[in-house]
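Structure first, then comments.
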Amino acid sequence: MHPHSRFVAGFRAHLLAPALTLLLLSPWPARAEDDADALRAEVAATERAFARSMADRDFAAFQRFLADDAVFVGGPRPLRGKPEVAAAWKAFFDGKAAPFSWQPQQVEVLASGTLALSRGPVHDPAGQRISGFSSIWRREAPGVWKIVFDQGAEIVDCPAPSQRKEP
């Protein structure tokens, strides 16, 4: 090999190493073959598994879905960070039966494939809708979603259009 060729090969490798490092350390973007429907299905399955942790009374599984920087809103003050969210939710795992259940009805994913929103109803043990939820999920690796924001929502009792009084 010509000495100049070794220099060029070494120079290219020197330039390529930082680019590869940056690529490997960057958030996991969606691959070209990841389509929106597949990502929505993946997030919906993750949300259902998250809800199943409550039904199965599996607090360790529940915690595995929490991002380290998770924020849960809906109580008297936001719960910030995985330890605080877990400590507050621990009481919901006491007892033989889950105090409530939830399921996603709507899932939307950013075109980048890095964030997703899931929303749906929350039911009491008798199956009555008692509230709703909205969750934001972050894709941390292919097939791995962690919840970063969660908000419970109260049900607003609005009269049906036929029951409304005109002003």
Consider only pairs whose beta carbons are under 7 Å apart and that are at least six residues apart or on different chains; among these, list those whose first residue lies in segment 133-146 and is closer than 13 Å to Ala45 by Cα and whose second residue is assigned to a strand (DSSP E or B) and of a type in the set (Asp, Glu). Lys146/Glu140
Positions within segment 106-144 being charged (D, E, K, R), assigned to a strand (DSSP E or B) and more than 16 Å from the chain's Cα centre (by Cα), in sequence order: Arg129
Failed condition for Ala36, given (1) modelled with pLDDT under 95; (2) surrounded by 15 or more Cβ atoms within 10 Å (Cβ to Cβ); (3) in contact with a strand residue (DSSP E or B) (Cβ under 7 Å, 6 or more places away or on another chain): (2)
Consider segment 82-105. How many of its residues are loosely packed, with under 14 Cβ neighbours inside 10 Å and assigned to a loop (DSSP other than H, G, I, E, B)? 6
Out of (1) of a type in the set (Gly, Ala, Ser); (2) surrounded by 15 or more Cβ atoms within 10 Å (Cβ to Cβ); (3) within 15 Å of Asp150 (Cα to Cα), the one Gly113 does not meet is (3)
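The values are calculated or read from the model by the stated rules, or taken from the named source; none is laboratory data. Here the structure is a predicted model, which is why all the values come from computation and not from measurement. Backbone-built Cβ (ideal geometry, glycine too); neighbour counts: all protein chains shown.
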